[in-house]
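Notes follow once the structure below has been shown.
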Amino acid sequence: MEHATTLDSKYWDRRYREGNTGWDIGSVSPPLKEYILTLSNKDINILIPGAGNCYEAAFLWDQGFKNITILDFASSLIQKLRNKWQHHMGVRLLSQDFFEHEGCYDLILEQTFFCAISPEKRPEYVRKMFELLAPGGTLTGVMFNVDFEQEGPPFGGHIQEYQSHFTSYFPDVLFAPCHHSILPRQGREVLITARKNSRHHL
Ligand SMILES: C[S@@+](CC[C@H](N)C(=O)[O-])C[C@H]1O[C@@H](n2cnc3c(N)ncnc32)[C@H](O)[C@@H]1O
């Protein structure tokens, strides 16, 4: 289904400029915080696409990770963030469309980015994630497991549909219950873990 609103960088930029950012929880996403705390290798190369105000990046930095790429295409947001991040060696701040980004990452963190793109682009999202991961690399994140009454973003969905998109690239993709969601999202989110099998090529 085509969507009436064009979800381009201008659209997202306007939402930041107008302060219309209901998705922003103001701190690191609790499920991602729990996940990050399980990671022991601080040298891994991490991408956060559609990073918004970068709470996950700040938490990673505080935990000692120093190979972090923050990517978002809302230019006024990125401009604002430049001041904050300019002295953080090892943190890259990119103002770019995710679908045009090239790179190779050990870990990609998903937090309300998948739900922000049009559902018809989901196959493209999955293919791009696969491309951006190093062999053995992992996409981990939080996804809604619910339908929303209003036209998105956010666009909702369910595990079965997600599975149909992911399995051709990530045959072992896992969707697990999310135990640390913020209160309004409790029971409405799942944790995705999609590992790029080093033997799997498309
Ligand atoms: C719903 S917000 C989530 C922001 C942040 N992850 C959070 O949870 O606060 C979606 C973000 O994705 C960005 N975005 C949407 N489509 C994008 C694209 N194709 N390339 C890069 N960024 C994109 C928007 O600018 C916005 O910051």
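The values are calculated or read from the model by the stated rules, or taken from the named source; none is laboratory data. Because the structure is a prediction, the values reported are computed rather than measured. Note that each Cβ is placed from the backbone with ideal geometry, even for glycine, and that neighbours are counted across all protein chains shown. We work out accessible area using only protein heavy atoms, side chains counted, and drop any ligands, DNA or RNA first. Shrake-Rupley method; radii C 1.70, N 1.55, O 1.52, S 1.80 Å.
Of note:
- Summed residue charge, Cβ within 10 Å of I48's Cβ, Lys/Arg positive, Asp/Glu negative: -3
- Per residue, the convex hull spanned by the Cα atoms of the chain measures out at 121 cubic angstrom.
- The relative contact order of the chain comes to 19 percent, based on Cα pairs under 8 Å that sit 6 or more residues apart.
- With a simple spin-label model that places each label point 7 Å from the Cα along the Cα-to-Cβ direction, the separation between Q96 and N197 comes to 2.9 nm.
- Taking GluC sites (Glu not before Pro) across the range 33-106, the ones in a DSSP loop with at most 12 further Cβ atoms lying within 10 angstrom of their Cβ are E102.
- Probe 1.4 Å, all protein chains present, accessible-area order of S164, S181, S9, largest first: S164, S9, S181
- Solvent-accessible area of K66 with every protein chain in place, 1.4 Å probe, in Å² to the nearest 10: 90 Å²
- What a 1.4 Å probe finds exposed on the chain is 48% carbon and sulfur by accessible area, rounded to a whole percent.
- Measuring only protein heavy atoms, the 1.4 Å probe finds E18 accessible over about 120 Å².
- With 0.36 nm allotted per residue and the present C-alpha distance subtracted, the W61-S75 stretch has 2.8 nm of extension available.
- Net charge of neighbours whose Cβ lies under 13 Å from the Cβ of N145, counting Lys and Arg as +1 and Asp and Glu as -1: -1
- Per residue, in Å², the accessible surface of the range 44-202 once ligands and nucleic acids are set aside, probe 1.4 Å: 47 Å²
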